[in-house]
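Asks: Below: one structure in structure tokens.
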Amino acid sequence: MGEVHSTKVYDKLREEWLRTRLVNDIGMMSPHAQTSKVESFHNILLHFCPKLLVYSYQGMKCRLYLAVLHWNENCDRAQAVDAEGNPVYRLKYPRSKEGGHTVERVLTAGICGK
């Protein structure tokens, strides 16, 4: 590999790219660091096993198994398409956007409702 000759442009670019904040942000863009799927799975667990109710060990174990089966069956649904075969999207208006909107993919219907 060739020797890198230090120039002002190279030094400035290297300084910018190695900033801790940028390196951390790039790490968070990795799908391994995103938590949305984990949070979704946790919501499914809470649906099947609410924290306010007490279950026997066997009852809790069965409910956890049901939650896992439900998640595994529905977690990787495909995007819905319209009659012409175009992907379907919808607009969402979250409160955090203060009147703004985001575009969200519409997924195919899940098995077993919810």
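Asks: Non-local amide H neighbours of residue 107 (under 5 Å, H modeled in plane, Pro and chain starts lacking H): which ones?
Replies: Answer set, sorted by chain and number: 80.
Asks: Then there is this: Using the Karplus curve 6.51 cos²θ - 1.76 cosθ + 1.60 with θ = phi - 60°, what ³J(HN,Hα) values do you get for each residue of segment 64-76, in whole Hz, with x for Gly and Pro?
Replies: In residue order, the calculated couplings are 5, 4, 4, 4, 5, 4, 4, 4, 4, 6, 10, 6, 10 Hz.
Taken together, the values in this text are just the output of simple stated rules run on the coordinates, not laboratory data. Keep in mind it's a predicted model, so treat the numbers as computed, not measured.
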